[in-house]
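For reference, the structure is listed below as structure tokens.
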Amino acid sequence: MRLTTKGRFAVTAMIDLGMRHQRGPVTLAGISERQRISLSYLEQLFGRLRRQGIVDSVRGPGGGYTLAKSLEDISVADIIRAVDEPIDATQCGGLGNCHDDRECMTHDLWMALNARIYDYLDSVNLAELVRQQLDKPAEGHAHKHDGRRIVGSAELKAVVNG
């Protein structure tokens, strides 16, 4: 099971936007440059995020994207769902037709894992991720981890990447 680049890039771009939203609309070109994500890919992702009410677009000079909700009200799961990124440990897409049109013996196990992953991603909001980034020391300095579980931790990567 993998979280594809669509979900990873969407979360990364939203953290970037969250770090800068106080200063007004943030351009996708700026996010693209800072995060090294293709501008056309960001346009696709932000179109989906806008349609789901997570971001708003501002047209014209000085335009860009703003948050449609507070940082605390946007979870990682919201972002991933908005870009249609399925996180699914089953081989059947959760439909139960994984083995000769019926559930395989481990179907319930993988469905329970899906629920736990989404519960975790629902519990992490954009405010936490932005705060973590802002609290990080400048590059090149040692960083002491406070022991909190965060998206991107080795444990979550192991679960998500199988």
Problem set entry | Gain upon complete extension [residue 91, residue 4; 0.36 nm per residue less C-alpha separation] | 29.7 nm
Seminar exercise, completed: For segment 1-55, the percent of all C-alpha pairs falling in each 5 Å bin, from 0 up to the bin holding the max distance, is 4, 19, 33, 27, 12, 3, 1, 0
Problem set entry | Per DSSP, loop trypsin sites (Lys or Arg not before Pro) in segment 30-115 with at most 11 further Cβ within 10 Å | 36, 59
For this session: Return the distance in nm (one decimal) between the two label points of a simple spin-label model at residue 51 and residue 84, each offset 7 Å from Cα along Cα→Cβ.
Result: 0.6 nm
For this session: Using amide H atoms built 1.01 Å from N in the peptide plane, name the residues 5+ places from residue 67, or on other chains, whose amide H lies under 5 Å from its own.
Result: 56
Seminar exercise, completed: Assertion target for 26, 124, ordered by fewest C-beta neighbours within 10 angstrom first, is 124, 26
Seminar exercise, completed: Here segment 30-35 yields Karplus 3J(HN,Hα) values (6.51, -1.76, 1.60; θ = phi - 60°; whole Hz; Gly and Pro given as x) of x, 4, 4, 5, 5, 9
For this session: Rank the residues 117, 74 as a footprinting-exposure proxy: fewest other Cβ atoms within 10 Å of their Cβ go first.
Result: 117, 74
Exercise. Sorting 121, 134 on the 10 Å Cβ count, fewest up front, what's the list?
Worked result: 134, 121
For this session: At 7 Å along the Cα-to-beta-carbon direction for both residue 116 and residue 23, put a label point, then send me their distance in nm to one decimal.
Result: 4.1 nm
Seminar exercise, completed: Magnitude of the Cβ-charge dipole (Lys and Arg +1, Asp and Glu -1) of segment 1-46 about the Cα centre, nearest 20 debye, reported as 160 debye
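Coordinate-derived values only; no laboratory data. In this text, all values refer to a predicted model and were calculated from it rather than measured experimentally. Because the Cβ atoms are built from the backbone with ideal geometry, glycine has one as well, and the counts that use them run over all protein chains shown.
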